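Trainee: I have a structure I would like to understand better, so I am pasting it below and will then ask my questions one at a time.
Please treat every number below as a calculation from the coordinates, not as lab data. Computed from a predicted model, the values in this text were never measured in an experiment. Because the Cβ atoms are built from the backbone with ideal geometry, glycine has one as well, and the counts that use them run over all protein chains shown.
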Amino acid sequence: MTDQEIFEWLQKNNSRDLERLFRKAYAVKEEIVKKTVYFRGIIELSNICEKNCFYCGIRKDVSVNRYCLTRKEILQCAEFAFANDYGSLVLQAGERKDDAYIRFINETITQIKALSEGRLGITLSLGEQSYDVYKKWFDLGAHRYLLRIETSSETLYQRLHPADHSFHNRIQCLRDLKTIGYQVGTGVMIGLPHQKIEDLVRDIRFFSEYDIDMIGMGPYIPQERAPLSTQPVDLDLNFILALKMIALTRIVMPDINIAATTALQALDPNGREKALKAGANILMPNITPQQYRADYQLYNDKPCIEEEPLLCLGCLESRIKSLGETIGYDQWGDSIHFEKRSKK
Ligand code: 5AD
Ligand code: SF4
Ligand code: FES
């Protein structure tokens, strides 16, 4: 697909065109990654963050009850994931770089590996870190890392972040992760204030130029405690735009893993199913203990704040069955793209 074609699809909004695009993307998905959905249970282990991204509901300057799960609580979540045959889990948190925290994560990775005899895959989503820290975590057994670029436009990135947040460092982190041997995931927010269609086209090119293995992207949703929320956006449009981005990314990069993100479900009760129908193949059920969920609201109307992990699991199972897809229980579900890349 040429940039011009991507641009044109991103501008189409009538339901017949959308149907055509989603069907095309689904056909690519069926052929290449098949109709299996892989689960990554996500543990939001802490909302303490050193950063101050203008869009985020747990940025340093907002007043929210800060928590960090104990190691025991994290291990209980991991046991839940393992007992329910989730192939892998994601450890996500706000960004912290102090030594005590790094050691805490080191130990946590080691213990999760031990409790599952190495069978639970571990994906990290713990922000920007040094090469050595990434390397240490990889050596301890983490094998995938998610770090969204948020937008591939440097000028837009600067409008969304304070001056000391560096676009170039993010890119360097993505490079380091790849050098070390991680499967690398990135992604963007869709429908940001001042974001142009051209920026989104460039985002898709960015994914392919950086040879990314996994994508997690969703609509931007204002969070009332964050400064960016004073700038209005059209949420209906953002939702459709996000689905189109998923479909186009699937067509451009047929063998990568693409997540149906929770932010989509915040805007439409069937948002994640619609994303699976538009080419996504990964779901990230939230397995954070219920009592912490209200304090991890990066954006407004985040779903499943009141639900216990087991309830989410049953709910997701029936949603997936209704689409005629199967769940890849007990499998890591690595991106085919990564397998090919590592054989090169
Ligand atoms: N709307 C949508 N996504 C958001 N994120 C943070 N704040 C928002 C928001 N207001 C996303 C960012 C970050 C991920 C963990 O959550 O893309 O990388
Ligand atoms: Fe921190 Fe991530 Fe939120 Fe930025 S988006 S403030 S790094 S949790
Ligand atoms: Fe949480 Fe449906 S996914 S209740």
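Trainee: Going by the structure shown, is residue 180 in contact (Cβ under 8 Å) with a residue 24 or more places away in the chain, more than 15 Å from ligand 1 (Cβ to nearest atom), touching a helix residue (DSSP H, G or I) at 6+ places or on another chain (Cβ under 9 Å) and not hydroxyl-bearing (Ser, Thr, Tyr)?
Mentor: Against the criterion (in contact (Cβ under 8 Å) with a residue 24 or more places away in the chain, more than 15 Å from ligand 1 (Cβ to nearest atom), touching a helix residue (DSSP H, G or I) at 6+ places or on another chain (Cβ under 9 Å) and not hydroxyl-bearing (Ser, Thr, Tyr)), residue 180 qualifies.
Trainee: For the stretch 304-344, which positions are touching a strand residue (DSSP E or B) at 6+ places or on another chain (Cβ under 6 Å) and among the acidic types (Asp, Glu)?
Mentor: 325
Trainee: Can you tell me which residues in the stretch 132-156 are of a type in the set (A, V, I, L, M, F, W, C) and either free of Cβ contacts under 8 Å to residues at least 60 places away in the same chain or more than 14 Å from ligand 1 (Cβ to nearest atom) (or both)?
Mentor: Passing the criteria: 133, 137, 138, 140, 142, 147, 149, 156.
Trainee: (1) surrounded by fewer than 18 Cβ atoms within 10 Å (Cβ to Cβ); (2) touching a Lys or Arg at 6+ places or on another chain (Cβ under 9 Å): which one isn't true of residue 22, the others all being true?
Mentor: (1)
Trainee: Follow-up. Please tell me if residue 129 is more than 16 Å from ligand 3 (Cβ to nearest atom), in contact (Cβ under 8 Å) with a residue 40 or more places away in the chain and either in contact with a helix residue (DSSP H, G or I) (Cβ under 8 Å, 6 or more places away or on another chain) or in a strand (DSSP E or B) (or both).
Mentor: yes
Let's see how each residue does on (1) β-branched (Val, Ile, Thr); (2) crowded, with 21+ Cβ neighbours inside 10 Å:
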position: 186; (1), (2): yes, yes
position: 206; (1), (2): no, no
position: 220; (1), (2): no, yes
position: 230; (1), (2): yes, no
position: 233; (1), (2): yes, no
position: 243; (1), (2): no, yes
position: 254; (1), (2): no, no
position: 261; (1), (2): yes, yes
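Trainee: Would you say residue 49 is within 16 Å of ligand 2 (Cβ to nearest atom), under 27 Å from residue 176 (Cα atoms) and under 17 Å from the mean Cα position of the chain (by Cα)?
Mentor: No; evaluated as a whole, the condition is false for this residue.
Trainee: Sticking with this one: Condition first: at positive phi and within 13 Å of ligand 3 (Cβ to nearest atom). Now tell me which residues in the stretch 296-316 satisfy that.
Mentor: The one that is at positive phi and within 13 Å of ligand 3 (Cβ to nearest atom): 304.
One line per residue, one yes/no per condition, for (1) of a type in the set (Val, Ile, Thr); (2) touching a residue at least 12 places away in the same chain (Cβ under 8 Å):
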site	(1), (2)
26	no, yes
30	no, no
33	yes, yes
45	no, yes
52	no, yes
83	no, no
96	no, yes
105	yes, yes
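Trainee: Also, I was wondering about something else. Look through the stretch 76-94, keep the residues that are buried (at least 18 other Cβ atoms within 10 Å of the Cβ) and away from ligand 1 (no atom under 16 Å from the Cβ), and return whichever of them is farthest from residue 185 (Cα to Cα).
Mentor: If we take residues in the stretch 76-94 being buried (at least 18 other Cβ atoms within 10 Å of the Cβ) and away from ligand 1 (no atom under 16 Å from the Cβ), then 80 is farthest from residue 185 (Cα to Cα).
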